[in-house]
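Beneath this line is the structure, given in structure tokens, with notes to follow.
The values are calculated or read from the model by the stated rules, or taken from the named source; none is laboratory data. The shown structure was predicted, so the numbers you read here are calculated from the model rather than taken from an experiment. Please note: Cβ atoms are built from the backbone with ideal geometry, for glycine as well, and neighbour counts cover all protein chains shown. Quick note on the areas: whole protein, heavy atoms, side chains included, nothing else; ligands and nucleic acids left out. Shrake-Rupley method; radii C 1.70, N 1.55, O 1.52, S 1.80 Å.
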Amino acid sequence: MNKQLIFKKRPVGMPDGETWSLESNPIPEPAEGEVLIQHHYISLDPAMRGWLNDRKSYIPPVQIGEVMRAGSIGTVIKSNKHPKFKEGDCLTGWGGVQQYVVSNGENWYKVDPTLAPMTTYIGTLGMPGMTAYFGILEVGKLKEGDIVLVSGAAGAVGSIVGQIAKIKGCRVVGIAGGTDKCRYIKEELGFDGAIDYKSEKLSDALKRECPKGIDVYFDNVGGEILDAALTRLRMHARIVICGAISQYNNKTAVKGPSNYLSLLVNRASMQGMVVMDYAKDYGRAAQEMGMWMMQGKLKSKEDVYEGIENFQETFQRLFTGDKMGKLVLKVIED
């Protein structure tokens, strides 16, 4: 049987036990030109919360009754005359929160699990890594010597953004929640400074860690942290709006920045980014980041939990902060 997480009810605030139901259905058979993929791991990302809202966005919302959308990686266990993929191939794509999926291969990519663990291909070498790479280099227009501030710095995207900025010769300060995460980004990832938003006054901490201001702010959080960062902009600063995880489960209106006039005063720019816009260049980015990993310049960390039946509990870790690095759910049963 194929265990599948089915979307049942649009949530208000944090998703709960009524949002999804776990169902068991027969494992599908691939038609001619299709493959049957057995999932090993599912990617859990903050963007998944936005896909539950019935409103216009950069991607259509998940519909009631559908398998919950998610990035995934697994192995082809049956190929019915597929032109590209054969049994045993390791593929990554958008298979959803289920143990098996049939596909014609569109938007699935073959990867080599002998070069990196499967989890890395849905983390540093997957969507989070691509988001970090193109967000900081293309949208943030990073240059050597920049002072870079990153929120959500211990998370899947933020941790990679900070490391890329260090590779490119920048001073990097990360904002994270708790002493363990702040220690991790400084001692293990090489950030120059860390701010614990849970225990420090943001305005004072930003003056301490960024006394000369900020050239690039990479925002994963939104809300009060974005507003505080706006007060420290240098001339021609760039702000990358990647996400706003502090606002995703709001039951009231999203809190926008009140300090936005700093953009005018400093001739600064604020730009949103969606990683799918850069799909044609994923290969180039993966190749460069893979090289950095081999050289020991870029570290990858996945926080792996087990069991498709534990999806909801694991998903909530994205918003409670009870995780480190990329959040992954193992769904294959040993």
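In Å, what Kirkwood hydrodynamic radius results for the chain from the alpha-carbon pair distances?
Working: mean 1/r = 0.0485 Å⁻¹.
Every distinct Cα pair counted, the radius reaches 20.6 Å.
Once you keep just the Cα pairs under 8 angstrom separated by 6 or more residues, what percentage relative contact order results for the chain?
With pairs under 8 Å counted, the relative contact order is 17 percent.
In whole percent, how big is the carbon plus sulfur part of the accessible area of the chain, probe 1.4 Å, protein atoms only?
The value for the chain is 50 percent carbon and sulfur by accessible area.
Counting only residues 5 or more places away or on other chains, whose amide H sits under 5 Å from the amide H of Y41 once H atoms are built in the peptide plane?
I73, V331
Around I195, which amide H atoms from residues at least 5 apart in sequence, or from another chain, sit under 5 Å from its own amide H, with H modelled in the peptide plane?
Sorted by chain and number, the residues that satisfy this are G174, I175, A176.
Would you be so kind as to identify which of G95, Q38, P60 lies farthest towards the positive end of the dipole of region 1-155, taking Lys and Arg as +1 and Asp and Glu as -1 on Cβ and the Cα centre as origin?
So the residue furthest toward the plus end is P60.
Of all DSSP beta bridges located in the chain, what percent are antiparallel, nearest 5?
Values: 30 of 57 bridges.
DSSP beta bridges in the chain are roughly 55 percent antiparallel.
Net charge around S258, counting only other residues with Cβ within less than 11 Å of its Cβ (Lys, Arg = +1; Asp, Glu = -1)?
On the way: positive: K255; negative: E224, D227.
Counting the neighbours of S258, the net charge comes to -1.
Taking amide hydrogens as modeled 1.01 Å from N in the peptide plane, which residues meet the under 5 Å criterion relative to L233, leaving out close sequence neighbours?
Under 5 Å from the amide H of L233 lie the amide H atoms of I214, each far enough along the sequence or on another chain.
Let me spell out the model: positive unit charges on the Cβ of Lys and Arg, negative unit charges on the Cβ of Asp and Glu, origin at the Cα centre of the chain. What dipole size does that give, in debye rounded to 20?
1140 debye
Find out how many positive minus negative residues lie around D192, taking Lys and Arg as positive, Asp and Glu as negative, among other residues whose Cβ is under 10 Å from that of D192.
+2
Within region 225-334, which GluC sites (Glu not before Pro) sit in a loop by DSSP and count at most 12 neighbouring Cβ atoms inside 10 Å? Please list the in-between numbers first.
Working: sites: E288, E302, E306, E309, E313, E333; in loops: E333.
Loop-located and lightly packed - E333.
Quick one: 3J(HN,Hα) in Hz for region 64-78, Karplus 6.51/-1.76/1.60 with θ = phi - 60°, rounded, Gly and Pro as x.
Going residue by residue, I get 4, x, 8, 5, 4, 5, 6, x, 7, 8, x, 10, 6, 9, 7 Hz, with x marking Gly and Pro.
If you take every residue apart from W20 with its C-beta less than 15 Å away from the C-beta of W20, what net charge results, scoring Lys and Arg +1 and Asp and Glu -1?
Here the count lands on 0.
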